[in-house]
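K.L.:
The structure that follows is given in the form of structure tokens.
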Amino acid sequence: MNAISSDAGLAEPHLAEVLAAVGLDVEYVRAEGNTLYRLDEQQREAPVLDFVGGFGSLILGHNHPEIVTYAQDLLRSQLPIHAQFSRAAHADRLASALNSVLRRELGDDERYFAIFANSGAEAVEAAVKHAEFDRSLKLAALSEQIDAHVTQARSLVQGGLAVPADSAYARLDEAGPSGDPVQDLEELIAHVERWNAERLSTPPLFLAPEGAFHGKLVGSVQLTHNEAFRTPFKALAAQARFVPLDQPEAIRKTIDAERRVLLDLAVTDGAVTVVEREFPVFCAFVLEPIQGEGGINMVTREFAEAVRSACDAIGCPVVVDEIQSGMGRSGAFLASSLIGLRGDYYTLAKSLGGGVAKTSVVLIRESRYRREFELVHSSTFAKDGFSSLVALKVLELLEADGGRLYRVVAERGRSLRTMLETVRADFPDVLKDVRGAGLMLGVEFQDQSGSTAGAVRDFARSGFLGYAVAGYLLRRHAVRLFPTGSAANTLRLEPSVALTDDEISQLEAALRDVCSVLRDQDEGRFVGA
């Protein structure tokens, strides 16, 4: 057997170069709580305070001892991990537990069926795939109804019991009746069929807010507002229409602008008329109650109500993406419950795996669920016993003591936010805003593209200021933060519920330092000279 190659730099080499350019190319060797450990020059462990939290995957922290012990016990028990296409009792227990939590948060007894997956992006893909499956079945049923009405009209006209109405020609801009009811009807039918065929062949559209991020797979990336992520793959999947978060009225305007109809025939009092039937243009409205990669933007109650109202009016399902904001991170199990938003679908991932398992789920309201979907969709690593049981343990810890963890998240979040607001008040020319809820917060820096410090200005103009600030905080203060993916001037803070006052103080000192450097335009210090 050939020796394993020692070639380095083969795993995403360009990303490694980018990380190196801003001082973030650090290898970590151990993790616990809110701390990652790297090796210093003497090969000793050096702690780094981690506010990235696995991009929101670690509400319980790195290597939570109870979860780790439980996972080790599961593996030692030789629990089957690959036993696909068999009875998945563990997954069923998890789905039942999730339903119990949803009933409490939503105040509704309607059940949600579960489709499991491995990652957040895959959960979003499964959700929109199910929504399109539902839309296609509804379209098929509508087409069958129209075909039946055409057959009925043809039979009545051929039997002399009905004739095409004059109004039908005005609607279709035809020359007018020829005097032969049968021939006239066939011309009407041909026009209706051409019209409908053209519309039935058009792909669906999605609705999403500006700033949305739902993953980078073929379908989910089209729901992501950032053009740099989305545009190169535009030809591969159905498109979205994005609406501004601060303009709830834009939702209905966008829907009205895309409205399409199919044509149908109706027979009333012996007259055949052409009538419109609404064509379901939109497959789903997909949104995050707190936008993660978009800059930690909160959806308002007003916007949520407008989404629900508009979607109910056209029969379009609402997919609530709680992948980053869910699992207690906002101070509630579902961040959407804080703004009164009821979803037809929910996607959960990240902290669902407790920082150990890679798992996700789509929860679909029973009144929307299509059981046939289970036969046309599957995932090799989904619904396994190990990840299902780990997720059950996570729910057990979240729900313990009457949901005490949610209250702790809210309290720790208030303490963290108070500190951030104090720093912002002291450095208004550097920090622009503090946003978010619970332990999902964002700190936005003022635009530095006009800085007199060349390096700061260059980083700002290239969209890398947030990464450069993150590199400074890591290098100078052993504090780990990253900007959000589509708002590079906003640093995200997603620590675990175990966040201490000392850790908040360490972050405060680090932020005050970098704010001083940016205020004073101290280029040498900023770049580490």
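K.L.:
Any residue at all in the range 406-420 that is under 28 Å from ASN63 (Cβ atoms), in a loop (DSSP other than H, G, I, E, B) and among the charged types (D, E, K, R)?
P.N.:
no
K.L.:
A follow-up question, please. Given the conditions (1) under 17 Å from the mean Cα position of the chain (by Cα); (2) in contact (Cβ under 8 Å) with a residue 60 or more places away in the chain; (3) part of a loop (DSSP other than H, G, I, E, B), report the number of the one that GLY343 does not fulfil.
P.N.:
(2)
K.L.:
Pairs please, first residue from the range 445-456 and more than 18 Å from THR490 (Cα to Cα), second anywhere and part of a loop (DSSP other than H, G, I, E, B) and modelled with pLDDT under 90, Cβ atoms under 8 Å, 6+ apart in sequence or on different chains.
P.N.:
The qualifying pairs are ALA455/VAL527.
K.L.:
Mind checking which residues of the range 251-264 are in contact (Cβ under 8 Å) with a residue 24 or more places away in the chain and among the charged types (D, E, K, R)?
P.N.:
ARG252, GLU258, ARG260, ASP264
K.L.:
Next question, about the same structure. How many residues are aliphatic (A, V, I, L, M) and either assigned to a helix (DSSP H, G or I) or closer than 17 Å to ILE296 by Cα (or both) when one looks only at the range 421-430?
P.N.:
We begin by selecting, within the range 421-430, every residue aliphatic (A, V, I, L, M); these are 423, 425, 430.
When the remaining residues are screened for being either assigned to a helix (DSSP H, G or I) or closer than 17 Å to ILE296 by Cα (or both), the result is 423, 425.
Number of matching residues: 2.
K.L.:
When you go through (1) of a type outside the set (Phe, Trp, Tyr); (2) modelled with pLDDT under 95; (3) crowded, with 20+ Cβ neighbours inside 10 Å one by one for LEU511, which number turns out not to apply?
P.N.:
Of the numbered conditions (1) of a type outside the set (Phe, Trp, Tyr); (2) modelled with pLDDT under 95; (3) crowded, with 20+ Cβ neighbours inside 10 Å, the odd one out for LEU511 is (2).
K.L.:
Could you list all residues from the range 216-233 that are of a type in the set (Ser, Thr, Tyr) and either under 28 Å from VAL163 (Cα atoms) or touching a helix residue (DSSP H, G or I) at 6+ places or on another chain (Cβ under 6 Å) (or both)?
P.N.:
SER220, THR224
K.L.:
So, one more: If a residue must be part of a loop (DSSP other than H, G, I, E, B) and of a type in the set (A, V, I, L, M, F, W, C), how many such residues does the range 477-500 contain?
P.N.:
5
K.L.:
Can you pull out the residues in the range 459-468 that are buried (at least 24 other Cβ atoms within 10 Å of the Cβ) and not small (Gly, Ala, Ser)? Step through it out loud before you land on a result.
P.N.:
First, pick out the residues of the range 459-468 that are buried (at least 24 other Cβ atoms within 10 Å of the Cβ): 459, 465-466, 468.
PHE459, LEU465, listed by residue number.
K.L.:
Where in the range 23-124 are there helices (runs of 4 or more DSSP H), lying fully within it, with 2 or more residues that are of a type in the set (Asp, Glu) and either farther than 19 Å from ALA332 by Cα or under 26 Å from the mean Cα position of the chain (by Cα) (or both)? Full working, then the answer.
P.N.:
Working: elements: 53-56, 65-76, 89-106.
Qualifying helices (runs of 4 or more DSSP H): 65-76, 89-106.
K.L.:
Now a separate question. Filter the range 294-340 for residues that are within 24 Å of ARG417 (Cα to Cα), over 17 Å from the mean Cα position of the chain (by Cα) and either hydroxyl-bearing (Ser, Thr, Tyr) or outside any helix (DSSP H, G or I) (or both) and give the result.
P.N.:
GLY331, ALA332, GLY340, listed by residue number.
K.L.:
Of all residues in the range 48-69 being touching a Leu at 6+ places or on another chain (Cβ under 8 Å) and more than 18 Å from GLU503 (Cβ to Cβ), which is surrounded by the fewest Cβ atoms within 10 Å (Cβ to Cβ)?
P.N.:
By that ranking, first place goes to GLU66.
Let's see how each residue does on (1) surrounded by fewer than 21 Cβ atoms within 10 Å (Cβ to Cβ); (2) of a type in the set (Lys, Arg); (3) not in a strand (DSSP E or B):
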residue	(1), (2), (3)
LYS432	yes, yes, no
GLY442	no, no, no
SER451	yes, no, yes
ALA470	no, no, yes
ARG475	yes, yes, yes
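K.L.:
Can you tell me which residue is modelled with the lowest pLDDT among those in the range 481-508 that are touching a strand residue (DSSP E or B) at 6+ places or on another chain (Cβ under 9 Å) and over 21 Å from SER330 (Cα atoms)?
P.N.:
ASN489
K.L.:
Shifting gears a bit: Are any of the residues in the range 265-284 part of a helix (DSSP H, G or I) and out of contact with any His (no Cβ under 7 Å at 6 or more places or on another chain)?
P.N.:
The answer is no; no qualifying residue exists.
K.L.:
Another one. Restricting to the range 484-505, what's the tally of residues that are under 26 Å from the mean Cα position of the chain (by Cα) and either touching a residue at least 40 places away in the same chain (Cβ under 8 Å) or closer than 13 Å to ASP50 by Cα (or both)?
P.N.:
15
K.L.:
Just the residues that are more than 30 Å from VAL163 (Cβ to Cβ) and surrounded by 15 or more Cβ atoms within 10 Å (Cβ to Cβ), please, taken from the range 183-215.
P.N.:
PRO204, LEU205, PHE206, LEU207, ALA208, PRO209, GLU210, GLY211, ALA212, PHE213, HIS214, GLY215 - these are the residues of the range 183-215 that are more than 30 Å from VAL163 (Cβ to Cβ) and surrounded by 15 or more Cβ atoms within 10 Å (Cβ to Cβ).
The values are calculated or read from the model by the stated rules, or taken from the named source; none is laboratory data. This is a predicted model, so every value here is computed, not measured. We place every Cβ from the backbone using ideal geometry, glycine too, and count neighbours over all the protein chains shown.
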